[in-house]
Amino acid sequence: MQTARDPPVSRQAHVAGDLGALRTDNDIGRYQRLDRLLSRLQAFKIANLCVPDDLDKALERQSAAMGISKSDLAREALKRYLRVAEFRTLRSRSVARAQAGGINTDDDVFEVLQKK
């Protein structure tokens, strides 16, 4: 706990990582939380999206129902969408390659696998 004689820990001490300037365990805890937050934020880029009103309202309702932020929900939905899109791209390439090799049906796949 800070006493009246101790000057408050400066923001510069927190930002610069000067642990010696921290006076108490509470200050160190605050520094560690701030450090974790800053580290996490550095991994993100900000992207502004324009969405129609109905989509924004649906995002608001669903995020409230899930107890997460609209940003978290949109980020997770975008990740899922991109994974599905990547899967579809890989699948179409694989199907084209298999068809070029004479594999057109599930039975053809199982036949090739049993030969190996």
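A compact table of results
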item	result
Residue check for Val95: within 28 Å of the chain's Cα centre (by Cα), surrounded by 10 or more Cβ atoms within 10 Å (Cβ to Cβ) and of a type in the set (Val, Ile, Thr)	no
Filter result for the condition that a residue is surrounded by fewer than 11 Cβ atoms within 10 Å (Cβ to Cβ) and modelled with pLDDT of 90 or more, over Asp25, Asp53	Asp53
Pick from region 100-114, criterion β-branched (Val, Ile, Thr) and in contact with a helix residue (DSSP H, G or I) (Cβ under 8 Å, 6 or more places away or on another chain), ranking: surrounded by the fewest Cβ atoms within 10 Å (Cβ to Cβ)	Val109
Checking Ala74 against (1) without any contact (Cβ under 8 Å) to a residue 24 or more places away in the chain; (2) surrounded by 10 or more Cβ atoms within 10 Å (Cβ to Cβ), the condition it does not meet	(1)
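The values are calculated or read from the model by the stated rules, or taken from the named source; none is laboratory data. None of the values given here were measured: they were computed from a predicted structure. As a convention, Cβ positions derive from the backbone with ideal geometry for all residues, glycine included, and neighbour counts pool all protein chains shown.
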